[in-house]
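Here's the structure, in structure tokens; my notes come after.
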Amino acid sequence: MAGRINDDDVKAVRAAVPIDAVVSEYLQLRNAGGGNLKGLCPFHDEKSPSFQVSPSKGLYYCFGCQEGGDTVDFIMKIDHLSFAETIERLASQSGITLRYEEGGYTPGRQQGERTRLVEAHKVAAQFYVEQLDSPEAEIGRTFLAQRGFDQAAAQHFGVGYSPAGWDHLVRFLRGRGFTDKELIVSGLAQEGRRGPIDRFRGRLMWPIRDIAGEVVGFGARKLREDDNGPKYLNTPETPLYRKSQVLYGIDLAKKDIAKSSRAVVVEGYTDVMACHLAGVTTAIATCGTSFGGDHIKILRRLLMDNSGAEVVFTFDGDAAGQKAALRAFEDDQRFAAETSIAITPDGMDPCELRLARGDEAVADLVESRTPLFAFALKSIVSRYNLDTEEGRIAAVDEAVPVVAAIKNPGLRDRYAIRLIGMVGIATQAEEQSIIRRVRGLARSRQNGGPGGPEHGGRGGPGGARYGGRGDQRGGGPGGPVGPNGGPNGGPNGGPGAAGVPPVPRGPALNLRSPAHRVERELLKLALQHPHLVSPAFDAYGIDEFTAPPYAAVRRAIEDAGGATAADDDYLARVREAAPDDTVRAMVTELAVEPPHTRRDPDEVYAGVQLVAVRLAAVNHRVTEVRGALQRLGQHADPDHLAAVQNELWVLQQYGQSLRDRGAEAL
């Protein structure tokens, strides 16, 4: 049975790895103000960034889908790892040696499955690289040299060679402590007549890394005529490797993609190498599958969906390449980025182009790109005989939906006019008819007609399920969408926008309520800037927070020792003190959401929030006491009546003092 990782080691791992460094391996982060960073959420599709990271707190939170937590939570969620696997990975990255309790640590036995598979791929990649220098690999080195790649290029991309024997890698990995089961599950080996044999034999090997740089699979190129396998053989689907979710070269290209807001999609491993060596360091490629929805999600997180971003697809100029380009068009509307096509000359791929005409030709290829819509219209119109009425009508019928799909209204009208010119429409009435058709179809899609969100089109920010970011409904960051997902709901959590059922996440919040807004603000300060509200905050009763979720957070702060005892582990203690995941998520949300002040919060701002919450509680109690007086009537016990009247007087005086003196009266 696997031992438990020592608590002090877990604490050391959490502290050693900054959350912004980890998250930025998966998506582009930009300044969100208040010391926070923001980006497109990796856990749900959204149009505008609602995912925020607080480096100072070590937390992240998405105001669209309510996912949140610390560095460990992020890795567990995004890479589908167990807690132990996550700690082991982060420990390895930060050079921390973990101690295991309950019997010590046995390498290879107590690590999680995914960690073991990643380590096996890492060792295999090193093995293949070493084999590229062997006499047998001369054919592989020749292959690379013939395509313009020297030893330095091979090392940069980790290219290796798999020996032609049956079990060279299997025997090597066994010697490193890996089991036969692990070799089979990883896809590095397959079952033979007498046990596992190498899956890749006598081939040139490209390691395929995920966006975090971990080797998760391999692409293997046939070198010999007597190899009866396919030209390219990839790792099969495994717990690590999903071909629809990986992009070759993304680990090398991600920083430049984010920096330049451009990604270049090519078709093969050698094309990626050629582009990078030619200075096009944003090139990536799919791995044995067409470019699809999961690939788009990876790029969108790096491009941040800003209007200046661009995705350039490169294809051969032959019929197959043009067909592939038009398939890419189908995915264009899933990008906010503009999409372009670069057709290579004379049927050459980027690798061949670099070899024939040099690095500059590859760079020029990307710069000579054509907007995808222009390419699509030209391809459509060219298929019809425009000398006939029937041909022109058929061309318009096929092209109008393409033009209507353009996101930018001004650009859409320009392309409608271009279509008219390409087809050769003669009369003004026909021109106006085409423009009206384009605009009408565009409106239909936007309103949920064919091609709209309900018919496979793009959804709104955050998707209909969550209703987008809360601040779009007037409630500030996090907005009036409470933990249950219902906007401005009552105790029962009424239906969300447009009749969408709320996501059951706990008691509803009405953030248009002044009381709830100020309670939220005070809790944010207590979590983010506890020194500004201490020691006064710790004297506040839980009943002074009228929203049940906020009362639960107040209790968690109290159970964690209070704001006055805040130290480096303060937020971790509060999150651990939360009674369930709903309250824990609320703590994370409040710890990340910036305070509603244009300047950094100070003691004056904190005092205003403290006074507002206390004054609301006083006013509420005044109302209760007045009701009690009315119920007592004139025949009440004099002593009891005097006590209630005195309480009312004290409350009124205290309330007036709070209004006059502010925080000094607390």
Conditions (1) over 26 Å from residue 283 (Cα atoms); (2) out of contact with any Ser or Thr (no Cβ under 7 Å at 6 or more places or on another chain): number failed by residue 157: (1)
Take the range 261-272 and flag every residue that is at pLDDT 95 or above and in contact with a Gly (Cβ under 8 Å, 6 or more places away or on another chain). 269, 272
Sole miss for residue 243 among (1) over 26 Å from residue 145 (Cβ atoms); (2) over 25 Å from the mean Cα position of the chain (by Cα); (3) of a type in the set (Lys, Arg) is condition (2)
Output the residues belonging to the range 634-651 that are under 57 Å from the mean Cα position of the chain (by Cα) and either surrounded by fewer than 15 Cβ atoms within 10 Å (Cβ to Cβ) or outside the structural domain of residue 619 (by TED's automatic domain parsing) (or both). 649, 650
Selection from the range 538-574 of residues in contact with a Lys or Arg (Cβ under 6 Å, 6 or more places away or on another chain), over 24 Å from residue 515 (Cα atoms) and either among the charged types (D, E, K, R) or assigned to a helix (DSSP H, G or I) (or both) yields 571
If we ask which residues in the range 557-614 are modelled with pLDDT of 90 or more and of a type in the set (Lys, Arg), their number turns out to be 4
Given (1) touching a residue at least 12 places away in the same chain (Cβ under 8 Å); (2) part of a helix (DSSP H, G or I), identify the lone condition not met by residue 596. (2)
Picking from 291, 313, which residue would you name as being of a type outside the set (Val, Ile, Thr), assigned to a loop (DSSP other than H, G, I, E, B) and closer than 21 Å to residue 371 by Cβ? 291
Can you find a residue that is of a type outside the set (Asp, Glu) and surrounded by fewer than 18 Cβ atoms within 10 Å (Cβ to Cβ) anywhere in the range 49-62? yes
Please report, ordered by residue number, the strands (runs of 3 or more DSSP E) entirely within the range 158-270 with at least 1 residues that are surrounded by fewer than 17 Cβ atoms within 10 Å (Cβ to Cβ) and in contact with a His (Cβ under 6 Å, 6 or more places away or on another chain). none
Please pick out the residue among 617, 636, 606 that is over 17 Å from residue 522 (Cα atoms) and aliphatic (A, V, I, L, M). 636
Only listed residue being surrounded by fewer than 17 Cβ atoms within 10 Å (Cβ to Cβ) and farther than 27 Å from residue 660 by Cα, chosen from 565, 591, 551: 565
Given (1) within 25 Å of residue 256 (Cβ to Cβ); (2) of a type in the set (Asp, Glu); (3) over 14 Å from the mean Cα position of the chain (by Cα), where does residue 7 come up short, assuming only one miss? (1)
For the list (1) modelled with pLDDT of 90 or more; (2) farther than 18 Å from residue 244 by Cα; (3) surrounded by 20 or more Cβ atoms within 10 Å (Cβ to Cβ), I need the number of the one condition that residue 341 fails. (1)
Kindly indicate whether residue 280 is at pLDDT 90 or above, crowded, with 22+ Cβ neighbours inside 10 Å and part of a loop (DSSP other than H, G, I, E, B). yes
Qualifying residue in the range 106-119 (condition: within 14 Å of the chain's Cα centre (by Cα), at pLDDT 85 or above and surrounded by 20 or more Cβ atoms within 10 Å (Cβ to Cβ)): no
For the range 576-588, give me each residue that is part of a helix (DSSP H, G or I) and more than 18 Å from residue 12 (Cβ to Cβ). 577, 581, 582, 583, 584, 585, 586, 587, 588
Quick check on the range 194-210. Is at least one of its residues modelled with pLDDT under 95, out of contact with any strand residue (DSSP E or B) (no Cβ under 7 Å at 6 or more places or on another chain) and more than 22 Å from residue 282 (Cα to Cα)? yes
Please go through the range 509-537 and pick out each residue that is surrounded by fewer than 17 Cβ atoms within 10 Å (Cβ to Cβ), outside any loop (DSSP other than H, G, I, E, B) and either at pLDDT below 90 or among the hydrophobic types (A, V, I, L, M, F, W, C) (or both). 514
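Can you tell me which residue in the range 169-183 is nearest to residue 237 (Cα to Cα), limited to those that are touching a strand residue (DSSP E or B) at 6+ places or on another chain (Cβ under 6 Å) and among the hydrophobic types (A, V, I, L, M, F, W, C)?
183
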Suppose we keep only residues that are farther than 17 Å from residue 27 by Cα and surrounded by fewer than 23 Cβ atoms within 10 Å (Cβ to Cβ) within the range 286-302. Which one would you say is modelled with the highest pLDDT? 286
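The values are calculated or read from the model by the stated rules, or taken from the named source; none is laboratory data. It should be emphasised that the depicted structure is a prediction, and the values quoted were computed from it without experimental measurement. Cβ: placed from backbone, ideal geometry, glycine included. Neighbour counts: every protein chain shown.
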